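The values are calculated or read from the model by the stated rules, or taken from the named source; none is laboratory data. Keep in mind that what you see is a predicted model, and the values were worked out from it rather than measured. Counting neighbours? That spans all protein chains shown, and the Cβs are built from the backbone with ideal geometry, glycine included.
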Amino acid sequence: MLKVYNELTTVVISKKDISGLNETLNSFSYLNKNFPKLILVLSEYSAKEIEGLRTRYKYLSPEIYSIKPNGPYGAMNFGLEKTNTNFVNFLHGGDSYAEGSSILNLLERMGNNSIGYGEIKIMTSTNIFLKNYSFEKYNVSLHRLGLKYIPHPATIVSTKAAKSVGGFDLNYSVAADQKMLLQLTKDNPPIILSQVIATFKLGGISTRSTEKIVSDFKKISFEIYGYFLGNKTLDSILWNCNKTFRSVYNFGLNVKNNFF
């Protein structure tokens, strides 16, 4: 293992969920003491709880910030601004690293790339395994249409590149992570690792309508790329087909809103 872990910061965000946060931080033990820099961005934690975290996880040397709730993307932007390493990744309290130091394997391969990702293991809130998810062969059209997504708990990005695009766009309360990742893949094909990087625990169901999901991705796609093939009519046809597909198959409506 190359000594590259000091090039990475993990930003962990959590709102009033000490149990989930402990689960996340305990998973750092899988990294065999090759710990990245750790930034905790917390909301609605008591001073006693924060002091307990400092004591219990002293070996991780966490930087801990207590902020007013501003949504998950606001918290991640706060952590991004505090990051001064070459690379950064983001976890929600309750997510955890996978066994085997795979996050460090991905970090070794990053080089000068802006984005790299692996697979995630998806669990229910009661720790029942659902499936592993991968975006094994990146396809920008599928990503633009929201038919595939890059799992951000399993993703490393260049800190400089993420800051250069403004971090997470708070105009998108659900899809800001995918917008930023689309921006980073526009001119930089992602590094892809066929290993599980993180475990993602479902904690809520998105009740967004098909129209809202498609509307978000359509706006994001246009902001970054313009119309598909530069043709407004073709673009409209593709998005209408997308909407029909989702309506028929109920696609994307029962996925935690970190992705859709």
| Is it true that HIS143 is free of Cβ contacts under 8 Å to residues at least 60 places away in the same chain, closer than 25 Å to ASN188 by Cβ and touching a Phe, Trp or Tyr at 6+ places or on another chain (Cβ under 9 Å)? | yes
| field | GLN183 being modelled with pLDDT of 95 or more and either among the aliphatic types (A, V, I, L, M) or more than 22 Å from SER96 (Cα to Cα) (or both) | value | yes
| message | Go through (1) in contact with a helix residue (DSSP H, G or I) (Cβ under 8 Å, 6 or more places away or on another chain); (2) buried (at least 19 other Cβ atoms within 10 Å of the Cβ); (3) part of a helix (DSSP H, G or I) for GLU49 and report which single condition fails. | response | (2)
| message | Given (1) buried (at least 17 other Cβ atoms within 10 Å of the Cβ); (2) within 27 Å of TYR172 (Cα to Cα); (3) not polar (S, T, N, Q), identify the lone condition not met by LYS137. | response | (1)
| query | Given LEU80, LEU25, LEU31, which one is at pLDDT below 95 and surrounded by 20 or more Cβ atoms within 10 Å (Cβ to Cβ)? | reply | LEU31
| remark: The condition of being at positive phi, at pLDDT below 95 and of a type in the set (S, T, N, Q) holds, among ASN188, ASN250, only for ASN250
| Residue check, LEU229 against (1) in contact (Cβ under 8 Å) with a residue 12 or more places away in the chain; (2) more than 24 Å from LEU104 (Cα to Cα), all met but one. Which one? | (1)
| Do the conditions hold for LYS148, that is, is it surrounded by fewer than 23 Cβ atoms within 10 Å (Cβ to Cβ) and free of Cβ contacts under 8 Å to residues at least 40 places away in the same chain? | yes
| query | Of all the residues that make up the stretch 31-60, how many are of a type outside the set (S, T, N, Q) and more than 21 Å from THR85 (Cα to Cα)? | reply | 11
| query | Which pairs have Cβ atoms under 6 Å, sit 6 or more apart or on different chains, and link a residue in the stretch 54-78 that is part of a helix (DSSP H, G or I) to one that is surrounded by 14 or more Cβ atoms within 10 Å (Cβ to Cβ) and not hydrophobic (A, V, I, L, M, F, W, C)? | reply | ASN77/GLY167
| the stretch 165-185 residues that are buried (at least 21 other Cβ atoms within 10 Å of the Cβ), paired with ones that are of a type in the set (Asp, Glu) (beta carbon under 8 Å, 6 or more apart) | PHE168/ASP177; ALA175/ASP216; ALA176/ASP169; LYS179/ASP169; LYS179/GLU223; MET180/ASP169
| field | Residues (assigned to a helix (DSSP H, G or I) and more than 13 Å from the chain's Cα centre (by Cα)) located in the stretch 80-102 | value | GLU81, LYS82, SER102
| said: For a quick check of your reading: which helices (runs of 4 or more DSSP H) sit entirely within the stretch 140-219 and have at least 1 residues that are under 29 Å from LEU104 (Cα atoms) and of a type in the set (Asp, Glu)? | reply: 176-185
| message | Name the single residue that is surrounded by the fewest Cβ atoms within 10 Å (Cβ to Cβ) among those in the stretch 1-22 being within 15 Å of ASP95 (Cα to Cα) and polar (S, T, N, Q). | response | SER19
| field | Meets criteria (in contact with a helix residue (DSSP H, G or I) (Cβ under 6 Å, 6 or more places away or on another chain) and farther than 24 Å from GLN178 by Cα) for TYR57 | value | yes
